[in-house]
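Notes follow the structure.
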Number of protein chains: 2
Amino acid sequence: MDKLDRTDRKILQLLQQDCRITIKELAEKLHLSNTPVYERVKKLERSGIIKNYVAVLDPEKIDRNLVVFISISLTKHTRDVVEKFESEVLALSEVMEFYITSGNFDAMVKIMVKDMNAFQHFIQEKLSKFEYLTRFNSTFVISSSDKIGYDL
Amino acid sequence: MDKLDRTDRKILQLLQQDCRITIKELAEKLHLSNTPVYERVKKLERSGIIKNYVAVLDPEKIDRNLVVFISISLTKHTRDVVEKFESEVLALSEVMEFYITSGNFDAMVKIMVKDMNAFQHFIQEKLSKFEYLTRFNSTFVISSSDKIGYDL
DNA sequence: ATTGAAACGAATGAACG
DNA sequence: CGTTCATTCGTTTCAAT
C-alpha cells in the first residue's frame, strides 16, 4: 500500500476510536456512499495497515489495576536464551508487554495485577524462578493515560 | 456487574482477539443461539467491562517503528503543574502513553516515531521546552511483543 | 473512483419454555 | 437462563458512469 489520502486517514482515525462503526455510518460522516468506503476499508485491511480489531477491557473491572514496569538484567545474551526468556515471560498471565531494551537493563516487562499481594506472588513465585535473570527493578505506575490511537 | 461466568469469559476472550466477529459466529463457537450471546455482549458493554472497540494499526506501516520510553524528573510536583504537564505532553503526536511513576523519576512516557531524526526533533523541539522538566533518560526499544488481551 | 439498487446475511426484539 | 421466529438494518456486489 502506498500513500494514504485524506479520506483514508479519516477512516483510520474513526476506526481507531470505534471500529464497530458501520460502513454506512462511516460513509455518512465522510459524505460518500457505501461502496467507496467499503472498498477503502477492505484495502486498508488487506494491506496490513489495519492489523486487527480488538475489544478493550477496563483493567479495574477485571482486577488488573496495579501496573508495574519491571526492568530486567540477564546473565546471558545469546539469541536462544533471550528468545526462550521472552516467550516464557510473555506466557505468564500477569505480563502484558515485553521489551528488549537499550540502557542499564536488558529487558523490560509491563505487568498488570490485582494488588500488591498479586505483585509479590508474581515476583517470588514466577519471575524469580528464571535461571538467567540476575537483577531487576520495579517501577510502579501511580496513574496513567493512553492515547486513543495514532495521529495520522 | 457481578461475576463473569465461563461463557462471559469466552466471549471476552474472542472479542479481545477479533471484535468484528459477528454475534452469529460467536454463538456458533459457544454452541448457543444468537439472542443470549447478543444480550451478554450488550451487558458487558453496558457494565463497562468492555470499554471500547478499536482498530489496531501496524506501526511499521505508518512510520512509527521506533519506540522509546523516556523517564522524566520534574522540578515541581504540585497537582496543577503535574496535570498541565501530563495533558500537554500527551497532546504531542509522538507520545502514546503517559505514566506517573514511583522510583528515581516522576513520570514516564512511551513515544513512537519514524526514526532517530524524528526522535531528536521530539527531544530538542518539544520535550526540552517544558518549563518544569529537569532531567530525563531515554530507553530505546530494540524489539517488543505485546499480549493480545487479558487472560481471564 | 463513485453512485444507486438489489440480494444477502446479521442484528434486534417479541413470544415463549 | 435458554430457544425460535419475524422484522429491521447493514453489508456486499454489480451495472453504469
Say we look at region A:121-151 and pick out the residues that are open to solvent by less than 60 Å² (accessible area, probe 1.4 Å) and part of a helix (DSSP H, G or I); which of these is farthest from B:ILE72 (Cα to Cα)? A:LYS126
What helices (runs of 4 or more DSSP H), lying completely within region A:1-120, carry at least 2 residues that are away from every other protein chain (no Cβ under 12 Å) and away from DNA strand C (no atom under 16 Å from the Cβ)? A:79-90
Any residue in region A:17-28 that is open to solvent by 80 Å² or more (accessible area, probe 1.4 Å) sitting within a Cβ distance under 8 Å of a residue that is assigned to a helix (DSSP H, G or I) and within 12 Å of DNA strand C (Cβ to nearest atom)? List the pairs, counting only those 6 or more apart or interchain. A:LYS24/A:ASN34
Can you tell which of A:ILE11, A:ILE72 is within 20 Å of the chain's Cα centre (by Cα) and modelled with pLDDT of 95 or more? A:ILE72
Please count how many residues of region A:125-152 are of a type in the set (A, V, I, L, M, F, W, C) and more than 7 Å from chain B (Cβ to nearest Cβ). 5
Those residues of region A:69-99 which are in contact with a helix residue (DSSP H, G or I) (Cβ under 9 Å, 6 or more places away or on another chain), farther than 18 Å from B:ILE148 by Cα and surrounded by 15 or more Cβ atoms within 10 Å (Cβ to Cβ) amount to A:ILE70, A:ILE72, A:LEU74
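The values are calculated or read from the model by the stated rules, or taken from the named source; none is laboratory data. Every value quoted in this text rests on a predicted model; they were computed, and no experiment measured them. Virtual Cβ from ideal backbone geometry, glycine too; neighbours counted across all protein chains shown. Ligands, DNA and RNA are excluded from the accessible area calculation, which covers all protein heavy atoms including side chains. Shrake-Rupley method; radii C 1.70, N 1.55, O 1.52, S 1.80 Å.
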